[in-house]
Each structure stands twice: as structure tokens, then as C-alpha cells.
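Below is one structure, written out as C-alpha cells, with a few remarks after it.
The values are calculated or read from the model by the stated rules, or taken from the named source; none is laboratory data. Keep in mind that this is a model prediction, so the values were computed, not measured. Glycine also receives a Cβ, built like all others from the backbone with ideal geometry; neighbour counts cover every protein chain displayed. These accessible areas exclude ligands, DNA and RNA; they are computed on the full protein's heavy atoms, side chains included. Shrake-Rupley method; radii C 1.70, N 1.55, O 1.52, S 1.80 Å.
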Amino acid sequence: MLAGLFFYLFAAVLVASAFMVIAARNPVHSVLFLILAFVNASGLFVLMGAEFLAMILVVVYVGAVAVLFLFVVMMLDVDFVELRQGFLQYLPVGVLIGLVVLAELFMVIGAWTIGGAAPKTITAPIPGGITNAEALGQVLYTKYVYFFQLSGLVLLVAMIGAIVLTLSHKAGVKRQDPGAQAARTPETAIAVVKVKTGEGV
């Protein structure tokens, strides 16, 4: 009874916070609701017996990704009024994609059934004699090692793309030139000036 109560509590807060991520007008509030969604999702993982996934969700997503999003949103000077001007232009395409995703969700939910062995598998997800983290590592680095490496490659490409998209050269901004700095000599870097007594530079 208590586990079911916590499940519905975490699930309700998770769905509400996920909706507020896309409904909040302030981007900082959206990131804070995203952190709340991650924390409640980790609570659901704990109820399922996957404490390692819950810890990873809190440490990686809340402690790194969401905080990084928060700093980026607060530091970048983004004109959100200009971004919202083209909202109606892409609204039909967004509605069409949303309807397709909604139809797929209904198809999956309609065809989804719980097998007879599923409750036993959920209550005892860890093989005997090993921990949750060890069981997950055995699956990731043996059966799904190529998919794991492929996901790392996708993340690398996404990181490079984010750097390329945000890299901008503005006029009048001083930038470092590593080549010029490495080629400096004492003659070009230091100016020795003799100042007479009583005179300033």
C-alpha cells in the first residue's frame, strides 16, 4: 500500500513537472521543473529496485546536465521575443508531428500486455550474487557493447554540433591568438622605460 502511494505521488509530480517544462514562459523555471522531473523519475527507479539508475539520474542529469542548462540559459543573452515570432509559422508542422506521436503512443498502449513472469522479474531484477550496478555493467559491456559505443559517438557528434552552432565571432571583441602568444619574445613582450625622478609614466 505504501509503495503504491509513493508510486502515484512520484508519477503525478513527474507528469505535472514534465508538462510545466514546456508550458512555463520563463526558461529558468523550465529548467527548474526539469530538475524536479528528474528527481521524481529517480524516485520511481528506486521503487523498481534500480537504485543505480536512480543515482545516475540524480548525479548526471540533475547534477550536471540540468545545472549546465540553467547556467547556459542564465548567461546567454537570448532574445526570446524574437524566437517566439516564428511560432505560428511552424505550428501546423508541430501539430502534425504531435498527432503522429500521440497515435503511436495509443497504438503501443493498446497492444501492450503484461506477461505472467513480469511481476516476478520486476520484484527480483538482479541475478543472484551480484549487485545492481554489476548486473547493469555485464549487460552494457557484453551484449550491448556496440550500441553503448554508438551512443557515445552520437553524444560526441552532438557536443561538436553544439560548439559549432554557438561559436560566433563578433566585431570589436578581443580574442586570444595562441600562435601570436607562443611567438612572443622578451623584446616584444617587455618594454623597459627609464623614468626620471619626480616624473611619472
| message | Using only the heavy atoms of the protein chains and a 1.4 Å probe, how would His169, His29 rank by accessible area, largest first? | response | His169, His29
| task | Can you pull the one-decimal nm distance between simple spin-label points at Met107 and Val173, each 7 Å off the Cα toward Cβ? | result | 4.5
| query | Which chymotrypsin sites (Phe, Trp or Tyr not before Pro) does the range 129-168 hold that lie in a coil by DSSP with at most 13 other beta carbons within 10 Å? | reply | Tyr144
| query | List the trypsin sites (Lys or Arg not before Pro) in the range 124-201 that DSSP assigns to loop (not H, G, I, E or B) and whose Cβ has at most 13 other Cβ atoms within 10 Å. Which are they? | reply | Lys170, Lys174, Arg175, Arg184, Lys194, Lys196
| query | Taking 0.36 nm per residue of separation and subtracting the Cα-Cα distance, what length does fully extending Ile160 through Thr142 add? | reply | 3.7 nm
| request: Pop the C-beta distance of Ala182 and Met1 into the FRET formula with R0 = 45 Å and round what comes out to the nearest 0.05. | output: 0.05
| task | Please report how far the C-alpha centroid of the range 178-197 lies from that of the range 10-33, rounded to the nearest whole angstrom. | result | 55
